[in-house]
Amino acid sequence: MGKTAYVNGQFVDMQAAQVNIEDRGYQFADGAYEVCTVANGRLLDGDPHVRRLHRSLAELKIPAPDLDIRELLLETAQRNQVDWGIVYIQVTRGVAPRNHAFPDTLTPAVVITSRPLDYQPVLAGASQGKKVITTPEIRWRRCDIKSISLLPNILAKQQAREAGAFEAWFVTDEGEVTEGSSTNAWISNAGTVVTHPASHAILNGIVRQTLIELMENAGIRVEQRPFTLEEAKWADGAFVTSTTACVTPVSHIDDTTLGDGSVDTTVQHIASLYRDYIYAAAE
Ligand code: PDD
């Protein structure tokens, strides 16, 4: 983690940074967040991230802080000398004596941190697939909100780690794959790519949105519809996307090997589209 954090109006040393123990983020996970890529000192897709944060806050009835968030994200990265990495922002409802209902007079609390991340191996790693496991979808019905309340997600990711897997995919009672614990889920079959539609059931990833556009421009057919786990296991290939995972190919779902276990050519193509996109944005 970098050394300087933005905390409620000030840049402070991480060691000295403090938040109130009655912050509703701490007591209720009452807040929203964003993770944005810093590519060669620039914010990647900064505007869509800020727009999504505002949307999450509006859905949670948290007033948007009156700040130039884009500038603050950039400044936090710069103060931490992060050229390639991520910047994290969380906005919580604010500080109040613990009570589920909230006063409408609170000032939202804003914390921003930044840390380096070497994107090169992530972007280069697309030649090899990783394993995902599956876990029951137990989350609430507003997964479109990027809430800091992530218990099912952290338990799912931990389950994946303990199984030696990269990610866990949530599967509904109807057998449909929604998304991963911190990534969007995709399958590729005969050159067509399928991903869950943007609905209340998934987070509409910024990488997801960028990639849909890149794929459409490249003439790759994209279907935004739910797909089942069964369909995924028969697919030629699969992958996950997120700000930190970029396009990470999937070679195994539970104990099933996709195709012959090598990365499907369509998935390779898609990974290269996103790689080119990041490097172009970084120039
Ligand atoms: N996670 N779905 C979930 C549940 C996520 O948490 C994320 C991102 C995504 C992908 O969104 P994006 O493309 O905007 O990064 C999908 C971030 C990286 C995290 O929690 O660290």
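The values are calculated or read from the model by the stated rules, or taken from the named source; none is laboratory data. All values derive from a computational prediction rather than experimental measurement. For neighbour counting, all protein chains shown are included, and Cβ atoms are generated from backbone atoms with ideal geometry for every residue, glycine included. SASA here: full protein model, heavy atoms, side chains in, ligands and nucleic acids out. Shrake-Rupley method; radii C 1.70, N 1.55, O 1.52, S 1.80 Å.
Here are some notes:
- Exposure rank, largest accessible area first [93, 98, 142; 1.4 Å]: 98, 142, 93
- Working from label points 7 Å from Cα in the Cα-to-Cβ sense, the residue 20 to residue 272 distance is 5.5 nm.
- When the chain is treated as a GNM with alpha-carbon contacts under 10 Å, the residue of 49, 269, 252 showing the greatest mean-square fluctuation is 269.
- Helix 69-79 vs. the chain, principal-axis angle (Cα, 0 to 90°, nearest 10): 90
- Convex hull of alpha carbon positions in segment 123-282: directionally averaged projected area 8.7 nm².
- Given R0 = 41 Å, the distance between the Cβ atoms of residue 141 and residue 230 translates into a calculated FRET efficiency of 0.95.
- Cα centroid separation - segment 146-177 against segment 219-236, whole Å: 19
- Helical mean residue ellipticity (222 nm; -39500 (n - 2.57) per DSSP H run of 4+; nearest 500) of the chain: -8500 deg cm²/dmol
- Zone residues, segment 80-119, relative to residue 11, backbone N less than 12 Å from point 7 Å out along Cα-to-Cβ: 80-82, 114
- In the elastic network of the chain, a GNM with C-alpha springs shorter than 10 Å, the most mobile of 271, 218, 201 is 218.
- Scaled to the globular estimate 2.2 N^0.38 Å, the Cα spread of segment 1-142, given as radius of gyration, is 1.17.
- Two-site label geometry, residue 40 and residue 254: point separation in nm, points 7 Å out along Cα→Cβ: 4.4
- In plain terms, if you count all Cα to Cα distances in the chain and split them into 5 Å steps from zero, the share in each step is 1, 6, 12, 16, 17, 16, 14, 9, 5, 3, 1, 0 percent.
- Reachable lysines from residue 130, criterion Cα separation under 19 angstrom, eight or more residues apart if same chain: 157, 233
- Only protein heavy atoms count here; under a 1.4 Å probe, residue 84 has an accessible surface of about 70 Å².
- Between the Cα long axis of helix 151-162 and the first principal axis of the chain there is an angle of about 50°, rounded to the nearest 10.
- Model label points for residue 105 and residue 150, set 7 angstrom from Cα along the Cα-to-Cβ axis, are 3.4 nm apart.
- Area of residue 54 that stays accessible when all protein chains are in place (1.4 Å probe, Å², to 10): 70
- Helix 206-217 vs. the chain, principal-axis angle (Cα, 0 to 90°, nearest 10): 40
- Residues 170, 102, ordered by accessible area of protein heavy atoms at a 1.4 angstrom probe radius and largest first, appear as 102, 170.
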